[in-house]
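Asks: Sharing a structure with you now.
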Amino acid sequence: MDSLSKRLIVLLAATSALGPAGMQILLPALPVIQDDFSVSNDVAQLTLSLSMLSIAIGTLVYGPLSDKYGRKPIMLLGILITIVGSFFCYLADSITLLIIGRIIQAFGGAVGLVLARAIVRDVYSAEEAARVIATLVMVMVVIPMLSPALGGELMARFGWESVFLIVASGSLIIFVLLIMGQPETLASPVPFEGIGSMLRTYASLFKSRAFCGYAFCITFVSVVFFSFISAAPEIMVSVMNRPPTEYGYYFVMIPLGFMAGNYVARHYGNSVSINAMIASGATIAIIGIGIAIILGLAGVSHPLSLFIPVSIAVFGNGITLPNAQAAAINEFPQYAGSASGLTGFLQMAVSAVAAQLVAFIFNGTAYPLLIMMLLASVLSLYLFKWGVKPAPAIT
């Protein structure tokens, strides 16, 4: 196969968005769920953080399985699990059952995060893959970023349970389209010899300094985003005294920033090196979050004082993320599925911890969130610089 059709690339991007979209569409409803089930904010937050952890575990599983059994059958299996989990959530009548349903739904949705990137790497060179992955990442992030606005409208009109019917319906449509149009791109299956073999593969990936640099850069870029989405709805309601539905509309600024960053990544992908793009994007993210902190210290308290600087930071992330993902996978092309799975695991596992931590340290202001985002952005740049730094010569 020489290349993937534009239609299939968009379909793969939509598939990769399933997990994050299903996770984030419920965000505006978290304060309502907290009241409906009479639980604390920390418990309601588990519907987000545990679904993120479930995605992390799923990314570890799907990569090695797809390296052995092929991309297409594993992709279809994951989407089926998403559909089952969505209906489980819809029927849940307690917070415990809702959390379980979210875990199932997210585990299935993780399949697109891993395999869409692996399929692209099966077909394209590293430089071409970076540009195609920029398109994947744009759709993967933009759809989930827009989903809170949709979730807010659905919640207001039909109740928060209705969002799960939308996720199930979208998953079913994608399932049918993939059966009809997705080719098998795995050229040479890699034998899967059990958990021990899988762990050895991951250990070999971790031995690569460059892979670790790229992978942890991706991880802390994701921490920036997921920390924000976990805390911003509560900040809007309790700090800025805005209704939950309003969050979704201000949130539209975030995907616009990310789309602009992705455009830069695609447009300059031929003329600027991958490493230069990663460093530039990470620096822009630090500047954006710094602006938000300065505005807060200056006493500016308006949603725009939070969302505009964060959209600048996310613009930088939109440049960094696709390039770092392509570079990480390219370190071990023969293990594209496993490398993609491991980076996905690190993204979601660390972000899940950060999301729950933000809920615990919330003090009635935006500062704990902004400080965590700033630290994550600095770590992202630092670890990337550490990873790409040439190892000292052996004398």
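The values are calculated or read from the model by the stated rules, or taken from the named source; none is laboratory data. Please read these numbers as outputs of a predicted model, since none were measured by experiment. Methodologically, a virtual Cβ is constructed for each residue, glycine included, from the backbone with ideal geometry; neighbour enumeration extends over all protein chains shown.
Asks: Taking the condition under 24 Å from Ile25 (Cβ atoms), out of contact with any strand residue (DSSP E or B) (no Cβ under 6 Å at 6 or more places or on another chain) and of a type outside the set (Val, Ile, Thr), does Tyr335 pass?
Replies: Here the answer is no, as Tyr335 does not meet what is asked.
Asks: Tell me which of these Gly299 doesn't satisfy, since it passes every other one: (1) surrounded by 23 or more Cβ atoms within 10 Å (Cβ to Cβ); (2) on the phi > 0 side of the Ramachandran plot.
Replies: So the condition that Gly299 fails would be (1).
Asks: Considering only the stretch 201-221, state which residues are among the hydroxyl-bearing types (Ser, Thr, Tyr) and part of a helix (DSSP H, G or I).
Replies: Thr201, Tyr202, Ser204, Tyr214, Thr219
Asks: Residues of the stretch 204-253 being surrounded by fewer than 17 Cβ atoms within 10 Å (Cβ to Cβ) and among the aromatic types (Phe, Trp, Tyr), which ones?
Replies: Phe206, Tyr249 - these are the residues of the stretch 204-253 that are surrounded by fewer than 17 Cβ atoms within 10 Å (Cβ to Cβ) and among the aromatic types (Phe, Trp, Tyr).
Asks: Tell me, please, whether a residue that is without any contact (Cβ under 8 Å) to a residue 60 or more places away in the chain and of a type in the set (Phe, Trp, Tyr) can be found in the stretch 239-259.
Replies: yes
Asks: Additional query: What are the residues in the stretch 226-256 that are within 22 Å of Ile371 (Cβ to Cβ) and hydroxyl-bearing (Ser, Thr, Tyr), if any?
Replies: Once the filter is applied, which keeps residues that are within 22 Å of Ile371 (Cβ to Cβ) and hydroxyl-bearing (Ser, Thr, Tyr), the stretch 226-256 yields Ser227, Ser230, Ser238, Tyr247, Tyr250.
Asks: Hey, can you tell me all the residues within the stretch 68-106 that are closer than 21 Å to Thr219 by Cα and surrounded by fewer than 24 Cβ atoms within 10 Å (Cβ to Cβ)?
Replies: So in the stretch 68-106, the residues closer than 21 Å to Thr219 by Cα come out as 103, 106.
Residue satisfying the conditions is Ile103 alone.
Asks: Under 6 Å between Cβ atoms, which residue pairs at least 6 apart in sequence (or on different chains) link something in the stretch 68-94 that is at positive phi with a partner that is of a type in the set (D, E, K, R)?
Replies: As it stands, the answer is Gly70/Glu184, since those pairs meet every condition given.
Asks: Please indicate, with yes or no, whether at least one residue in the stretch 170-189 is part of a helix (DSSP H, G or I) and at pLDDT below 75. Before the answer, list the steps.
Replies: Filtering the stretch 170-189 down to residues part of a helix (DSSP H, G or I) leaves 170-181.
From what is left, the residues that are at pLDDT below 75 are none.
Checked against the condition, which is being part of a helix (DSSP H, G or I) and at pLDDT below 75, the stretch 170-189 yields no hits at all.
Asks: Further question on the same structure: Within the stretch 202-258, track down each residue that is touching a Gly at 6+ places or on another chain (Cβ under 7 Å), aliphatic (A, V, I, L, M) and modelled with pLDDT under 85.
Replies: Of everything in the stretch 202-258, just one residue is touching a Gly at 6+ places or on another chain (Cβ under 7 Å), aliphatic (A, V, I, L, M) and modelled with pLDDT under 85, namely Val239.
Asks: Residues in the stretch 259-296 that are aromatic (Phe, Trp, Tyr) and either crowded, with 17+ Cβ neighbours inside 10 Å or touching a Gly at 6+ places or on another chain (Cβ under 9 Å) (or both): how many? Quick ask: steps written out before the conclusion?
Replies: So in the stretch 259-296, the residues aromatic (Phe, Trp, Tyr) come out as 263, 268.
Okay, now just the ones that are also either crowded, with 17+ Cβ neighbours inside 10 Å or touching a Gly at 6+ places or on another chain (Cβ under 9 Å) (or both), so 263.
Looking only at that region, the number is 1.
Asks: Here's another thing I want to ask about it. Picking from Gly19, Gly63, Gly109, which residue would you name as being modelled with pLDDT of 85 or more, more than 15 Å from Trp160 (Cα to Cα) and surrounded by 24 or more Cβ atoms within 10 Å (Cβ to Cβ)?
Replies: Just one listed residue meets the conditions, Gly109.
Asks: Is one or more of the residues making up the stretch 296-318 small (Gly, Ala, Ser) and within 30 Å of Lys68 (Cβ to Cβ)?
Replies: No.
Asks: Only residues that are part of a helix (DSSP H, G or I) and either crowded, with 17+ Cβ neighbours inside 10 Å or in contact with a Pro (Cβ under 7 Å, 6 or more places away or on another chain) (or both): list them for the stretch 358-369, please.
Replies: Once the filter is applied, which keeps residues that are part of a helix (DSSP H, G or I) and either crowded, with 17+ Cβ neighbours inside 10 Å or in contact with a Pro (Cβ under 7 Å, 6 or more places away or on another chain) (or both), the stretch 358-369 yields Val358, Ala359, Ile361, Pro368, Leu369.
Asks: Considering only residues that are more than 18 Å from Glu246 (Cβ to Cβ) and of a type outside the set (S, T, N, Q), look in the stretch 143-165 and name the one that is modelled with the lowest pLDDT.
Replies: Across the stretch 143-165, the extreme among qualifying residues is Pro144.
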